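A short worksheet on the structure shown next.
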Amino acid sequence: MDTARSRAMALVSVLFLMSLTPLITSAQSEVTCCNSTDFRLYLMGESDDGTLTPFQEDLASDSSDSESTLVTPSILSEIKVGTWEVTWGTEGVYENSTWELNIPYEVQGAAGVTINSTLEVRIGGSFYDGDGGLDPFLSGSGSLQVSVDVGSGQVNDGDRVQISLTVRNLMFSQPGDDAGVRFLWGSEAHDAQITMRFPLVDIEMKDASVLGNLVYFPIVLKSGFDDRMWSGSTGGISVQGSQVSQMPIATGVDGGVEVTFFWEAPEDFDSGTITVDFFLIPQDGLQIVDSKSHDIVIGEDDDVVGGWYPANEPLRTGGSTLDMEINAEWDGYKVQREAIIKFDGSMSQWMRWGLDNIGNQSLGSNSWWRNLNSYSDSIPSNDRHNGRVDDSELLALQGHLTGSASNLRSFMSNGLYLEVEAILGVNPIELGPSEIIVDMGATRAFSADAITITIDTSYNYDSSQGTRQILVETFVRASQDEYWTEVGLTAELKSTLFEDLGAVASDEIQYKHRRWVVLEVITIEEEELDPDLDFRIEYQPSGFILYSVLLGAAMSVLFLSVGIGFAMSLTKKRTSMPALVTVIALGCLALVIYVLGMPMPIVFGVSLASVLLVFPVALVSPRDETVQKMAKQIRGPSVTCPVCSTKVTVESDVRPLRIECPSCENMLRIDE
C-alpha cells in the first residue's frame, strides 16, 4: 500500500512539474527576445583599424568616401586586406551557421586576376576560417564572396567579434605596369558586409503603467550598440493591431536603451487584456518582433504623482525637428539680430526633463544639466521633480545663458548640438546686451511638444572695417550621433536707406538679394535642409554712401535723365527715336540689375552707358528731311486740295485722273 501511494505521489509530482514547464517558457518569452538573428554587419573604417556596424545609415553616401586596399603583384605569400572588429554587448548562444563576406573589388591594369582568399573569424576565444573557393577569376569589377562555417557556441558581454581577410597567390592576366586589384568598403556604393546568424539584441517588454486613460509600455533594448540600436533603427508598437503614432521617450540604461511608448485608451475601454506587438528594423530585410499581453484597468494609476516621468535623462537621438529663423538688420554701425530656434521630439523631452531636474545630484557626470546645480537654491522645493517646467526653472536657465558668453556657447554646443557663432554671426563674446526667452509651447508637462528659444541681441560692425560678415552658415554641429532628423531655415537681412549690403557670397545654398528703393534685403528659405550640408552665406558692405539702396536708385535715375536730355538736345534736326530707345532699353536693364541685387557698380555702369551711347546713336540718326522724303517715297505722290488744303495721296499713274478729297469731298482733276 505504501509503495503504491509513493508511486502515485511521484506521478502527480512529475505531472505538476510538466504542467509548469510551458508556463515558465511563456513567461520568459514575454521578457526577452531574441537569441540568434540573421543580419549583416557592414565593414567601416581603415583597413588596419576597421569596425563593424549593423546600421546602413553609417555608410557614406558618396562613393569617393569609400575606404580601400590596393593589392598588387607581390612575392609575399600572404597579403592582408584588412581587419574589422566590434565589441559585443549581449550574451547568448549562437548556432551552427555559414557566415559569408561580400566585398566589392575593382581590377586595375589587367584583364583579370586569379586569387586565393581566406577569411578568419574570431568570437571571443573561438576561431574559425574559410576560403573563397578554388582559384576564382576576378575581372572588371564585382564582389568577392568568402564563406566561413561557424560552429555553435556562447558569446559573452564584452567578447570581441573580429574578421580578417587575406589574399595570396595572385596571378594577373595581361598585367600592365599598374596591375592590381582594389577592395572597397564603407559607402553605399561599396557596401561590403558579412552575413551572419548571431545574437543581436535582447528585448525586454516591461509591465505597463497606467495614468488616467494613458497607458505606458516600457521596452528595454540591450545590445553592444547602446542607444544606437534604437536611434539607428526604425521601430514602433501596435496595440490590438492598431499602430501607435506618438513619439516614444528614449532613456539610456546600463548596456542599452529604454524606449517608452504611450497609448491613449478609447473612451469605451475600461479594463481588459490587450496585446502589444513591438517591431524593430535595424537594416533593410531584417525585422525583429516581440509581443506581450497586459492586463489593464483604466483609472487605476500606478502610484505616479504628477504624471508618468522617466527616471533617467532622456536621450537626444530619438529624432527631432529643428526650425531656425534668423532676422537681422544693419544700420551701418550695429547689427540687430534675432534668432528663433524651434524644436520638438527627443530634444524637447531632454530639455523639459533637464529643467525639472535642476539641482538633481544623481545626474550623470556627462549631463549638461549639472551646470545649473548652482541655481538649485533658487528653485522652490515644490517645483522640483514635479513632472513639469515651472517659472523658477525657466528663470534659472535664462539667467544662466545670459550670465556669460561661455554659458550660452556651452548650452548651444553641448546641449542642443548647434554652433552658436553660425547662428548669431559672431563670437558670443562680441555680443551686446542680449535677451533670451524660452517658450515651452502648448504645455509645460513632460512631452515632445515644440519649444521655442528666442535670442535677441546685437553687435557692432562698421563698414569701414572692410571685413566679410556671416549671415548664416552650417549650424548643426558635426557628430557621430544624429540629433536632428529634419532641419528648416529661414533667414532675412535688411539694410537702412543709406547703407548697402555689398557683395554677397554663397556656398551650397540658394538665396535672394533684392533692392526696393527704400529697402535692400537678403532672404533664405530652405524648408528641407540637409543637416550634414556644409554651407555658408557672407556679405561685405562697401561703406560707399552712393551704393546705398536709395542714393543708388537716385543716381541711376539721374544718369538716365541725363541720357534722355542729351538724346533730345542732340537730335533737334534729327529723329530722336533711336537715341530714346537706346536710353530706355538700357534703363530697363539697369532697373532689372538693380532689383536683382547685383553689385551697384554694374548698375551704375549700365546707367552711364545709356548716356555715352546717346552720342554715337544721335550722330548716325537720320535727319528730319531725309525721314520725310523716305515717308513720301513710301506713300507715293500727293496733291493739295485748293479748297481745304488737305494733302491727297495719288495712288494711280492714269492721266487725266479724278479723285475725291477725303476732307471736303470736292472732286479734283489731275491732268499731268
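The values are calculated or read from the model by the stated rules, or taken from the named source; none is laboratory data. These figures come from a predicted structure and were not determined experimentally. Glycine also receives a Cβ, built like all others from the backbone with ideal geometry; neighbour counts cover every protein chain displayed. With ligands, DNA and RNA removed, areas are computed over all heavy atoms of the protein, side chains included. Shrake-Rupley method; radii C 1.70, N 1.55, O 1.52, S 1.80 Å.
Overview of values
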{"item": "Alpha-carbon centroids, the stretch 334-362 and the stretch 65-144: separation in whole Å", "result": "47 Å"}
{"item": "Accessible surface of the stretch 396-508 [probe 1.4 Å, protein heavy atoms]: carbon and sulfur percent", "result": "43 percent"}
{"item": "Per residue accessible area in Å² of the stretch 88-178, where ligands, DNA and RNA are left out and the probe is 1.4 Å", "result": "47 Å²"}
{"item": "Accessible carbon and sulfur surface of the stretch 534-627 relative to its total accessible area, %, 1.4 Å", "result": "78 percent"}
{"item": "The stretch 550-556 - phi-based ³J(HN,Hα) in whole Hz, Karplus 6.51/-1.76/1.60, Gly and Pro as x", "result": "7, 5, x, 5, 5, 5, 5"}
{"item": "Heavy-atom accessible surface of the stretch 161-271: percent carbon and sulfur, 1.4 Å", "result": "40 percent"}
{"item": "Ranked order, GLU492, GLU651 - accessible area, probe 1.4 Å, largest first", "result": "GLU651, GLU492"}
{"item": "Label-reachable residues, the stretch 74-99, where backbone N falls under 14 Å from a point 7 Å from LEU286's Cα toward its Cβ", "result": "86-90, 99"}
{"item": "Amide hydrogen neighbours beyond the local backbone of GLY441, cut-off 5 Å, H modeled", "result": "THR452"}
{"item": "Pairwise centroid distance, computed over Cα atoms, of the stretch 233-297 with the stretch 568-625, Å", "result": "74 Å"}
{"item": "FRET efficiency, 1/(1 + (r/R0)^6) with R0 45 Å, evaluated for ASP534 and ARG168 via beta carbons", "result": "0.60"}
{"item": "Long-range amide H partners of THR496 with built H, under 5 Å", "result": "TRP330"}
{"item": "Residue-averaged [θ]222 nm for the chain, counting only DSSP H segments that reach four residues, each worth -39500 (n - 2.57)", "result": "-6500 deg cm²/dmol"}
{"item": "Under the Karplus curve 6.51 cos²θ - 1.76 cosθ + 1.60, θ = phi - 60°, whole-Hz ³J(HN,Hα) for the stretch 497-512, x wherever Gly or Pro sits", "result": "4, 10, 10, 10, 8, x, 6, 10, 10, 10, 9, 6, 8, 8, 8, 10"}
{"item": "Under 22 Å from the Cα of LYS494 - lysines, other chains or at least 8 residues apart", "result": "LYS334, LYS512"}
{"item": "Cα lying deepest toward the dipole's positive end in the chain, options GLY318, GLN243, SER607, charges on Cβ", "result": "SER607"}
{"item": "Accessible area (Å², 1.4 Å probe, nearest 10) - TRP230", "result": "30 Å²"}
{"item": "Extended-chain gain in nm, criterion 0.36 nm per residue less alpha-carbon gap, MET577 and ALA478", "result": "29.4 nm"}
{"item": "Distance in nm between pseudo-label sites at ALA405 and ALA585 (7 Å out along the Cβ direction from Cα)", "result": "5.5 nm"}
{"item": "Net length gained if the chain between GLU267 and ARG658 were fully extended (0.36 nm per residue, minus Cα distance)", "result": "130.4 nm"}
{"item": "Dipole magnitude (debye, nearest 20) for the stretch 278-379, charges at Cβ of Lys, Arg, Asp, Glu", "result": "460 debye"}
{"item": "Cα centre as origin, Lys/Arg/Asp/Glu Cβ charges: the chain dipole, Debye", "result": "3800 debye"}
{"item": "Straight-distance crosslink candidates among lysines, where the alpha carbon sits under 26 Å from LYS572 and sequence neighbours closer than 8 are dropped", "result": "LYS629, LYS632, LYS647"}
{"item": "Lysines with Cα under 18 Å of LYS292, excluding same-chain neighbours fewer than 8 positions away", "result": "LYS206, LYS222"}
{"item": "The stretch 509-551 versus the stretch 200-218: alpha-carbon centroid distance in Å", "result": "51 Å"}
{"item": "Mean accessible surface per residue for the stretch 439-550, computed with a 1.4 Å probe while every protein chain stays in place, in Å²", "result": "49 Å²"}
{"item": "Hypothetical label at ASP49: residues of the stretch 158-177 whose amide nitrogen lies under 19 Å (7 Å Cα-Cβ projection)", "result": "161-165"}
{"item": "Given [x] 28.1; [y] 32.9; [z] 27.2, the label whose value is Kirkwood radius over Cα pairs in Å derived from this model", "result": "[y]"}
{"item": "Fully extended contour minus Cα-Cα distance, from ASP38 to SER569, at 0.36 nm per residue", "result": "182.2 nm"}
{"item": "Relative contact order (%) - criterion: Cα under 8 Å, at least six apart; region: the chain", "result": "9 percent"}
{"item": "Derived scalar couplings ³J(HN,Hα) [the stretch 561-570; Karplus, 6.51 cos²θ - 1.76 cosθ + 1.60; whole Hz; x for Gly, Pro]", "result": "5, 4, x, 5, x, 4, 4, 6, 6, 7"}
{"item": "Probe 1.4 Å, accessible area per residue of the stretch 182-334, Å²", "result": "42 Å²"}
